[in-house]
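Structure, as structure tokens:
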Amino acid sequence: MSNLKTPTAILVAGTYKKSEAYPNVLFRIQSLIEHPHTIVKEINCCFLAKKQKNNNNVRAFNNPFRLFLCHIMVFVRIILHYRAKRLYIPYPSIFLQYSISLLPKTLRPDFIILDAFISLYDAIVLDRELIRKESWSAKLIFSIERRAFNTADYVIVDTKNNADYYSTLFNLSLKKFVPIPLATDERVFQPTPYIAEKDSVCRVLFIGTLIPLHGIRTIIAAIDILKEHQNISFHIIGDGQDAAYVSKYASQKPKYFTWNKSWCSSEELALEITRSDICLGIFGSTNKTQRVCPYKIYHYARIGRPIITAKTEWVDSIFINSNEMPFSLVDANDPSQLADQILQLARAPKMRLSLANKSNDFFASQLSVSKSTEKLIRLFENATI
């Protein structure tokens, strides 16, 4: 806990959406507001559509005019009304910070932390390859993002691996990038005792956006390998870029397989995880796969369920002692190895119980909102203003 005698005043400003679709934003701001040693004011103009269907494609822009207008409104209010000493810009942060960077230093907030939960350039150019790297639009996004990062005092990322990566990618000091775990809904996702039953059907669950990062094609291939095992059922919840691939497999109407591509509330997701015996992480072969701890890992571990995920640089950086490993690990993009590991765990209830307990301990020690928020507040407290 903070030892300051007086509360730390923090202005939270941006064009963010506080909803289940953006839990890191919602619960990070909430934790700052509820903290006993902070005074938080907000300036927000969400550029996303107010009425959105309940699915995971809500990240689309409403329209360019609204995007521009919201940034102008927040930008002007920061200058005229608050003259903040300490500013926190939640995701999406780069366009607002870029705008602030164009001001003379005397008009900028004294100390700025922005949240780079997702790098726009890394996500759409390098990872998903939706824009060619050589295109003018990719170069523009890179330029805007680099300037935004460079003119902030600190940039929050979710893992040390991402800090290293962004420092190299944007040619900026590593000291600027601070790894702080994401904030999640700990009130809905509650630790639930896992009961490992020997003779019941083993329920395997994957939750997430169907993108290359998550390796959904590897998961589907592993499911197909195990399709004759009647003691294992598979359940996928999510939609996205590779939905057509999942749809093609689902059209064959395989036994013991379900796919729900509709948006689910946090309560519904928590129930699905609680009912599961094995939860699947990420298995993609992209560079980004190596650097991230995906949100699904937070949810699985918070509730306390056995997790199978890929061996990645992030996993290696967190766990030196293999005896402490809270996950069952397989090589990325290897459906045969994934299938073998699922089958092994399905036949080993005691091993599943051990992994369930370890995953919950891992969340409590490294991913809890209280610990990550304390780290963020310390950055503000130690600011030289």
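The values are calculated or read from the model by the stated rules, or taken from the named source; none is laboratory data. This is a predicted model, so every value here is computed, not measured. With ideal geometry, Cβ positions are generated from the backbone for all residues, glycine too; neighbour counts draw on all protein chains shown.
Miscellaneous remarks
- Residues within the range 77-100 that are closer than 18 Å to L67 by Cα and outside any strand (DSSP E or B), tallied: 13
- Some residue of the range 213-223 being touching a residue at least 12 places away in the same chain (Cβ under 8 Å) and over 14 Å from L338 (Cβ atoms): yes
- Here P306 fits the description: of a type outside the set (V, I, T) and either surrounded by fewer than 17 Cβ atoms within 10 Å (Cβ to Cβ) or touching a Lys or Arg at 6+ places or on another chain (Cβ under 6 Å) (or both).
- Given (1) in contact (Cβ under 8 Å) with a residue 60 or more places away in the chain; (2) surrounded by fewer than 16 Cβ atoms within 10 Å (Cβ to Cβ); (3) of a type in the set (K, R); (4) outside the structural domain of H35 (by TED's automatic domain parsing), number of the condition R352 does not satisfy: (2)
Let's see how each residue does on (1) closer than 23 Å to T184 by Cα; (2) in a loop (DSSP other than H, G, I, E, B); (3) free of Cβ contacts under 8 Å to residues at least 24 places away in the same chain; (4) not aromatic (F, W, Y):
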| residue | (1), (2), (3), (4) |
| --- | --- |
| C279 | yes, no, no, yes |
| T309 | yes, no, no, yes |
| N333 | no, yes, no, yes |
| D340 | no, no, yes, yes |
| N357 | yes, no, no, yes |
| D361 | yes, no, no, yes |
| E374 | yes, no, no, yes |
| I377 | yes, no, no, yes |
| A383 | no, yes, no, yes |
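- Residue tally, condition aliphatic (A, V, I, L, M) and in contact with a helix residue (DSSP H, G or I) (Cβ under 8 Å, 6 or more places away or on another chain), over the range 240-280: 6
- Candidates I113, I156, I131: the one that is among the hydrophobic types (A, V, I, L, M, F, W, C), part of a loop (DSSP other than H, G, I, E, B) and either out of contact with any Phe, Trp or Tyr (no Cβ under 6 Å at 6 or more places or on another chain) or at pLDDT 90 or above (or both) is I131.
- Evaluating L172 against the criteria (1) closer than 25 Å to H299 by Cα; (2) surrounded by fewer than 18 Cβ atoms within 10 Å (Cβ to Cβ); (3) modelled with pLDDT of 95 or more leaves one unmet condition, (1).
- For I225: the one exception among (1) modelled with pLDDT of 95 or more; (2) touching a His at 6+ places or on another chain (Cβ under 9 Å); (3) farther than 28 Å from N357 by Cβ: (2)
- There is at least one residue in the range 263-277 that is over 23 Å from P23 (Cβ atoms) and either in contact with a Ser or Thr (Cβ under 7 Å, 6 or more places away or on another chain) or not basic (K, R) (or both).
- The numbered conditions (1) among the charged types (D, E, K, R); (2) over 24 Å from D334 (Cβ atoms); (3) in a loop (DSSP other than H, G, I, E, B) are all true for E272 except (3).
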